[in-house]
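Take a look at the structure set out below.
The values are calculated or read from the model by the stated rules, or taken from the named source; none is laboratory data. It should be emphasised that the depicted structure is a prediction, and the values quoted were computed from it without experimental measurement. Heads up, the Cβs are rebuilt from the backbone with ideal geometry, glycines too, and the neighbour counts pull from every protein chain shown. Just the protein is used for accessible areas: all its heavy atoms, side chains included, with ligands, DNA and RNA removed. Shrake-Rupley method; radii C 1.70, N 1.55, O 1.52, S 1.80 Å.
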Amino acid sequence: SARSLLRTSGSHSSPVAAESKDESPSKVAERFKHAAKKISAVSRVAAKERPRHLPRFLDLALVAHDLNQRAQARIATAARDIMEEEEGGATLAKLASFDLGDHHQPALRSKSLHAFKEEVGGAALEVELDAAVCVETLHALATAAFPAFRAALEKLFPPDTEGVELECDADFAVKAPARMRAKVDEYRRENETVWPRAKRLSDCLRASVVTADAARTVAAYEALSDSGAFTVVRLKNKLAEHAKPYCMHVNLKFQAPGLAAMTVEVQIVPKAIYSDQKTSHRLYTVARANSYAAYRGLAEEDSDDDDDDDADVAGDEEDLGVLTPTDARSPAEVPVWKFWARE
């Protein structure tokens, strides 16, 4: 190895080193120079591997897009099957979407908040106060209300309830401040002029109820609407409307003891759809990236997905077209390094 060569060249106890005493200084210098070059080459190879540049990441992204389209097709088929179920399908179809116009966050309607804004800087600080004060207030409120929120849902949907699963882990239930700020910035770019824009964040605290069939989907909604702990203020029945992402999107008023009331979100999703939705979201994160570095950033951002993101996943806002492999085999059999092309 290069290191052993250097030791041989520099060791006074080795026979080779002894022989080198009779060599001219120029030869000794040449041997050291040669050893140094080898060590330099070895160190570069042995160094900690840097993230690889993936010039063909696009191949993987295109395959992911194709698999996502298949998942979306399965979801659409499952949604139709659920609505056609004899028990509960017709009742589910009759649950019409509605909006009472009261789904904005109550805690951000305070006149004192507007007075504070005017006192510290008015319009000049609107954006900063929205992103910092309002978002952080909602996040703190959601974090504090989470235990009571989950307890109220577990009372309606106990763990042993047949055909109903409650998904309400703290990591997902409380929306991350970074995602909240990103949504507020979207509202600003949409020319939303009513301040604070953060009051439109209706999913700061959320959960999913996964149901086995149409009948249990209806029962889950009725349990929420009849509960004294919640008041339904908006329903989007995207199952009945056959609209992506195929769920019942329910906004409710909830007030934890000792805290201000807030608008929360519960999505009721049939199990046949829920599993594919999670897969589809991960595939979409790969498909929309143009490099591995971009994918890593999107993966971190999308770890806190919301209903708007699910609509994007379903293809409402972005369609990359139909993909076909240049290979004659079926797409499932084509390795990810094969070339793919748009029709």
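List of remarks:
- Set ASP160, ASP185, ASP171: member being open to solvent by 40 Å² or more (accessible area, probe 1.4 Å), free of Cβ contacts under 8 Å to residues at least 60 places away in the same chain and not in a helix (DSSP H, G or I): ASP160
- Leading residue by the ranking (most open to solvent (accessible area, probe 1.4 Å)) among those in segment 135-157 that are farther than 22 Å from HIS104 by Cα and in contact with a strand residue (DSSP E or B) (Cβ under 8 Å, 6 or more places away or on another chain): GLU154
- Selection within segment 108-134 - open to solvent by 40 Å² or more (accessible area, probe 1.4 Å) and outside any helix (DSSP H, G or I): ARG109, SER110
- Selection within segment 86-104 - assigned to a loop (DSSP other than H, G, I, E, B) and either of a type outside the set (D, E, K, R) or over 30 Å from CYS134 (Cβ atoms) (or both): GLU86, GLU87, GLY88, LEU95, ALA96, SER97, LEU100, GLY101, HIS103, HIS104
- Test: residue in segment 134-154 that is within 28 Å of ASP213 (Cα to Cα), among the charged types (D, E, K, R) and touching a residue at least 24 places away in the same chain (Cβ under 8 Å): yes
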